[in-house]
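K.L.:
Below you'll find the structure I mean.
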Ligand SMILES: Nc1ncnc2c1ncn2[C@@H]1O[C@H](COP(=O)(O)OP(=O)(O)OP(=O)(O)O)[C@@H](O)[C@H]1O
């Protein structure tokens with residue numbers, strides 16, 4: 001029986017003897033939302049220990065998500081609601097208790113069980129929606145995790161194993177990460193995985209390809225534009241990527257292409273943890289982890305002063321190098337399996353069988369475009385293949401045309417002095433390497449075993465514009 005002697009509460013309790021067949025439990029709280037009375041059946045429902053006395057406790061200590069306090073504070077009933085205890089749903093009804101002057105004395109809550117016929121359709125509907133929601137959320141989480149977890153970075157070679165253990169170590173630290181690797185080696189994929197492994201995983205992951213944004217727009221892109229800062233259609237106020245990435249990770253692809261003017265501003269943001277949107281005179285605190293990636297030789301850029309040394313040291317606190325595919329040919333087979341599956345899923349086609357001799361052929365290729373190129377080749381092979389079986393012939397058709405091994409160029413077989421012949425041979429080799437690497441200069445340079453600067457030097461000398 002209620003501990004307090006308010007008339008309204010006593011009347012309510014008296015009414016229970018009439019109503020008790022229609023509900024499964026009931027509770028009363030006072031004007032401070034402390035429990036003053038609880039039906040024995042409600043105790044059972046909540047699985048309270050026999051010696052536990054809830055009377056006098058704030059209602060949330062006994063029923064954590066209770067809305068009784070809201071009813072007491074607003075004076076408004078919640079006539080129909082659904083509450084979950086363990087795996088069961090109950091319909092609940094909460095009514096404020098007022099004295100004759102209208103002053104709130106507390107509230108009473110009833111719990112109806114789902115054997116009440118007329119509530120069944122509502123509960124069924126609710127339960128179904130709840131299930132659908134849970135399934136959809138689980139699918140979303142799975143997809144997110146599968147897409148970006150470290151396990152989606154496929155590789156069985158020692159190089160990749162070492163890389164992954166390095167990533168696990170770095171993910172939990174706070175410093176900026178610099179990912180180095182040729183084009184198509186999976187830098188963005190790895191950046192995602194680092195974010196996902198870090199304790200910022202619940203925060204946003206925002207990516208900017210520095211090379212893809214025109215220089216005059218980069219500043220607005222990074223730092224945002226204040227409302228009313230400019231007039232003109234293309235200068236609407238908007239948040240910069242720094243602000244959007246607040247609490248999460250900002251991924252900067254092709255950081256080597258950051259123009260010097262932006263580098264200085266960028267460095268300041270990293271140092272102060274504050275951004276100042278364009279046209280604004282206020283700063284905003286941002287908490288962002290930077291992951292940068294580049295396929296260029298950043299140290300060389302620092303040496304020739306096209307990249308600020310202080311910025312370089314700031315973002316290269318933790319550096320990870322993804323080796324090119326040709327340095328880990330042992331990963332090709334495993335990658336093929338994953339990539340073919342992706343191709344299959346995105347094209348809605350059947351699966352393909354990759355024959356062992358086809359794998360050997362793929363392992364022997366040099367892959368200047370790395371995993372992205374491998375994926376393209378498999379895609380092409382699958383599209384061209386007459387059956388589901390991808391054999392060596394199918395792969396050969398899909399591989400970029402190999403450079404002729406011994407170019408039979410008139411200049412080489414005819415007369416002329418040795419140096420002219422050598423020069424012509426060099427020219428042919430460069431053109432062939434560029435062809436084989438789809439015009440990727442870095443890859444072509446590597447294929448020929450010369451440094452980037454040597455390669456550019458040779459391009460100039462031979463007047464090749466790729
Ligand atoms: N180890 C890997 N396992 C599975 N897929 C990979 C792997 N490496 C790369 N890929 C896939 O290859 C493609 C290219 O990867 P990604 O875009 O991450 O490369 P990148 O190094 O950022 O390229 P770029 O420097 O050209 O921007 C993507 O489709 C990616 O999913």
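The numbers here are math on the coordinates, done by the rules we state, and not lab data. These numbers were taken from a predicted model, which means no experiment stands behind them. Neighbour counts run over all protein chains shown; Cβ positions are idealised from the backbone, glycine included.
K.L.:
Go ahead and run the numbers for FRET between residue 11 and residue 125, Cβ-Cβ distance against an R0 of 30 Å, rounding to 0.05. Walk me through the intermediate numbers first.
P.N.:
Details: r = 35 Å, r/R0 = 1.17.
The computed FRET efficiency comes out at 0.30.
K.L.:
Any idea what the alpha-carbon Rg over 2.2 N^0.38 Å comes to for the range 149-323? Mind dumping the intermediate values first?
P.N.:
Details: Rg = 16.4 Å, N = 175, 2.2 N^0.38 = 15.7 Å.
Taking the Cα Rg and dividing by 2.2 N^0.38 Å, one obtains 1.05.
K.L.:
Take every Cα pair under 8 Å in the chain that's 6+ residues apart, average their separations, divide by the length, and report that relative contact order as a whole percent. Please list the in-between numbers first.
P.N.:
Numbers: 697 pairs, mean separation 49.7, N = 466.
11 percent.
K.L.:
Tell me, in nm to one decimal, what length is gained between residue 345 and residue 165 on full extension, where the rule is 0.36 nm per residue of separation less the Cα-Cα distance? Before the final figure, lay out each step's value.
P.N.:
Numbers: separation 180, 0.36 × 180 = 64.80 nm, distance 2.96 nm.
Fully extending the segment from residue 345 to residue 165 adds 61.8 nm.
K.L.:
Multiply the residue separation of residue 154 and residue 393 by 0.36 nm, subtract the distance between their alpha-carbon atoms, and state the gained length in nm to one decimal.
P.N.:
Values: separation 239, 0.36 × 239 = 86.04 nm, distance 2.57 nm.
Additional length available on full extension: 83.5 nm.
K.L.:
What FRET efficiency would be calculated for the residue pair residue 76, residue 137, taking the C-beta separation as r and a Förster radius of 30 Å, to the nearest 0.05? Please list the in-between numbers first.
P.N.:
Working: r = 31 Å, r/R0 = 1.04.
Computed FRET efficiency for residue 76 and residue 137 comes out at 0.45.
K.L.:
For residue 372 and residue 464 in one chain, what is 0.36 nm times their gap in residues minus the Cα-Cα distance, to one decimal in nm? Could you put the intermediate results ahead of the total?
P.N.:
Working: separation 92, 0.36 × 92 = 33.12 nm, distance 2.61 nm.
Length gained between residue 372 and residue 464: 30.5 nm.
K.L.:
Which angle between 0 and 90 degrees, to the nearest 10, do you get for helix 452-461 versus the longest principal axis of the chain when only C-alpha atoms count?
P.N.:
50
K.L.:
Let me know the shape class of the range 7-113, please: from the alpha-carbon gyration tensor, a ≥ b ≥ c as square roots of the eigenvalues, rounded when a/c is under 1.5, otherwise prolate if a/b is greater than b/c, or oblate.
P.N.:
Details: a/c = 1.40, a/b = 1.36, b/c = 1.03.
Rounded is the answer for the range 7-113, as its axis ratio a/c remains below 1.5.
K.L.:
Using the 10 angstrom Cβ neighbour count as an exposure proxy, how do 195, 246 rank, fewest first?
P.N.:
On the way: 195 25, 246 17.
Placing the least packed residue first, the sequence is 246, 195.
K.L.:
Between 0 and 90 degrees, rounded to the nearest ten: what's the tilt of helix 370-384 against the longest Cα principal axis of the chain?
P.N.:
90
K.L.:
With each run of n ≥ 4 DSSP H residues scored as -39500 (n - 2.57), what mean residue ellipticity at 222 nm is computed for the chain after dividing by its residue count and rounding to the nearest 500 deg cm²/dmol? Before the final figure, lay out the partial values.
P.N.:
Numbers: 20 runs with 211 residues, N = 466.
After summing the helix terms and dividing by the residues of the chain, the value is -13500 deg cm²/dmol.
K.L.:
Counting DSSP beta bridges with both partners in the chain, what percentage is antiparallel, nearest 5?
P.N.:
On the way: 28 of 48 bridges.
Expressed as a percentage, antiparallel bridges in the chain total about 60.
K.L.:
Give me the angle, in degrees from 0 to 90, between the Cα long axis of helix 158-171 and the longest principal axis of the Cα atoms of the chain, rounded to the nearest 10.
P.N.:
The helix 158-171 is inclined about 40 degrees to the chain.
K.L.:
Taking the beta-carbon count within 10 Å as an exposure proxy, list 437, 387 from fewest neighbours to most. Could you put the intermediate results ahead of the total?
P.N.:
Working: 437 25, 387 9.
Lowest count first: 387, 437.
K.L.:
Give the distance, in whole Å, between the Cα centre of the range 181-226 and the Cα centre of the range 269-286.
P.N.:
The two parts, judged by their Cα centres, are 18 Å apart.
K.L.:
Restricting to the range 149-323, compute how many DSSP beta bridges are antiparallel as a %, nearest 5. Can you show the working numbers first?
P.N.:
On the way: 4 of 22 bridges.
Of all bridge pairs located within the range 149-323, approximately 20 percent are antiparallel.
K.L.:
Continuing with the same structure: Could you line up 297, 304 from fewest to most neighbouring Cβ atoms inside 10 Å? Walk me through the numbers before you get to the answer.
P.N.:
Numbers: 297 17, 304 9.
Going from least to most buried by this count: 304, 297.
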